[in-house]
Amino acid sequence: MKTYPIRRATTDDLADVMELRHDAERWLASRGIRQWLPEWAERAYAKIRQGVEDGTTWLVYDGNTPIATVSLGGPDLDFWNEDDDLASGLHFYKLITARSRAGAGLAEAVIDWVSRRAAAEGKKWVRLDCWRDNDGLKAYYRRIGFEHIRTEAREWRESGALFQRRAGLTTARDLRVEEA
């Protein structure tokens, strides 16, 4: 089994995190997927910078090459509410894998790392919200054990498809991500 190290991103890593994001934006646009659009870039980039500065953003490496990023945190209160038992979940955001690693199971291995971390923190759930009209992405999350909870359609947000799976559940078979 191939293992990749993951560590918190620092401000020195901001360019690497941003390049992964830009690469994903270009790919989404080339596929006609209406997600991470240029008109939202300034706000999105500010959130990415804040995540790095706050220590909630992580980078996965292959040698010295950053190949994935993910951010961890609490619930997005635009979508999740007290009825969801907010303290019971660890939420992940902005999961991006290098396009050169697409389809290799890396995203699944990163999610498994989040899942193991959530269990170690005593959380019951790993949770996410994703683009509500990206059917391929929603199908992917279902395939790796996530249950669709509901979809919240906020007019000021494009995200809102809420998913969760049990903390500790792992599904990747060939790759593993571990804290460096």
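Determine ³J(HN,Hα), in whole Hz, for all residues of region 132-148 in sequence, where each value follows from phi through the Karplus function 6.51 cos²θ - 1.76 cosθ + 1.60 and θ = phi - 60°; x replaces Gly and Pro.
Taking θ as phi minus 60°, the curve returns 6, 10, 9, 5, x, 5, 5, 5, 4, 4, 4, 4, 9, x, 7, 9, 6 Hz for region 132-148.
Quote the charge dipole size of region 2-179 about the Cα centre in Debye, to the nearest 20; the model charges only the Cβ of Lys and Arg (+1) and of Asp and Glu (-1). Mind dumping the intermediate values first?
Details: 29 positive and 30 negative charges, 127 e Å.
The dipole of region 2-179 has a size of about 600 debye.
Pick out, from ASN134, LEU72, ALA41, the residue whose Cα sits farthest towards the positive end of the charge dipole of the chain, with +1 on the Cβ of Lys and Arg and -1 on the Cβ of Asp and Glu.
After comparing all options, I get ASN134.
Lys/Arg Cβ at +1, Asp/Glu Cβ at -1, dipole of the chain taken about the Cα centre: which of ASN81, SER100, ALA29 is farthest positive-ward?
SER100
Listing LEU86, LEU72 from the residue with the fewest other Cβ atoms within 10 Å to the one with the most, what is the order?
Working: LEU86 14, LEU72 21.
Fewest to most other Cβ atoms nearby, the residues stand as LEU86, LEU72.
Using only the Cα atoms of region 2-45, build the gyration tensor, take square roots of its eigenvalues as a ≥ b ≥ c, and label the shape rounded, prolate or oblate: rounded if a/c is under 1.5, else prolate if a/b is larger than b/c, else oblate.
Details: a/c = 3.26, a/b = 1.54, b/c = 2.11.
It is oblate, given that a/c is not under 1.5 and a/b is not larger than b/c.
Pairs of Cα atoms under 8 Å, at least six residues apart: use those to get the relative contact order of region 53-98, whole percent.
Values: 58 pairs, mean separation 17.6, N = 46.
Contact order relative to length: 38 percent.
Residue by residue, what Karplus-based ³J(HN,Hα) values in Hz, rounded to whole numbers, does region 68-76 have, using 6.51, -1.76 and 1.60 with θ = phi - 60° and x for Gly and Pro?
6, 9, 8, 10, 10, x, x, x, 7
Which shape class applies to region 1-100: rounded if a/c is under 1.5, otherwise prolate when a/b exceeds b/c and oblate if not, where a ≥ b ≥ c are the square roots of the Cα gyration tensor eigenvalues?
Oblate, because a/c is 1.5 or more while a/b does not exceed b/c.
Helix-only mean residue ellipticity at 222 nm, the chain, DSSP H runs n ≥ 4 weighted -39,500 (n - 2.57), per residue, nearest 500. What is it?
Values: 4 runs with 55 residues, N = 180.
That calculation yields -10000 deg cm²/dmol at 222 nm.
Let me see the pair-distance distribution of region 107-171: every alpha carbon pair, 5 Å bin width, integer percents in order.
Once binned at 5 Å, the Cα pair distances of region 107-171 give 4, 19, 27, 22, 16, 9, 3, 0.
For each of GLU39, GLU53, count neighbouring Cβ atoms within 10 Å of the residue's Cβ, then give the residues from fewest to most. Don't jump to the answer; show the numbers that get you there.
On the way: GLU39 6, GLU53 13.
Least crowded to most crowded, the residues run GLU39, GLU53.
For the chain, what is the per residue volume of the convex hull drawn over the alpha-carbon atoms, in cubic angstrom?
Values: hull volume 20.8 nm³, N = 180.
Hull volume over Cα atoms, normalised by residue count, gives 115 Å³.
Between ARG142 and ARG43, take the C-beta separation as r, use R0 = 41 Å, and let me know the FRET efficiency to the nearest 0.05.
Values: r = 29 Å, r/R0 = 0.70.
With a Förster radius of 41 Å, E is 0.90.
Reachable lysines from LYS123, Cα under 25 Å, same-chain residues fewer than 8 places away excluded?
Here the lysines satisfying the reach criterion relative to LYS123 are LYS47, LYS94, LYS138.
List GLU25, GLU42 from most exposed to least, where exposure is judged by having the fewest other Cβ atoms within 10 Å. Present the calculation step by step, with values, prior to reporting the outcome.
Numbers: GLU25 17, GLU42 9.
In increasing order of surrounding Cβ atoms, one gets GLU42, GLU25.
Counting pairs of alpha carbon atoms under 8 Å apart in space and at least six apart in sequence, what relative contact order in percent does the chain give?
Working: 305 pairs, mean separation 45.6, N = 180.
In percent, rounded to a whole number, it is 25.
Here, each number is a calculation from the coordinates, and none is a lab measurement. Note that the structure is a prediction, hence the values are computed from the model and not measured. Glycine gets a Cβ as well: all are built from the backbone with ideal geometry, and neighbour counts include every protein chain shown.
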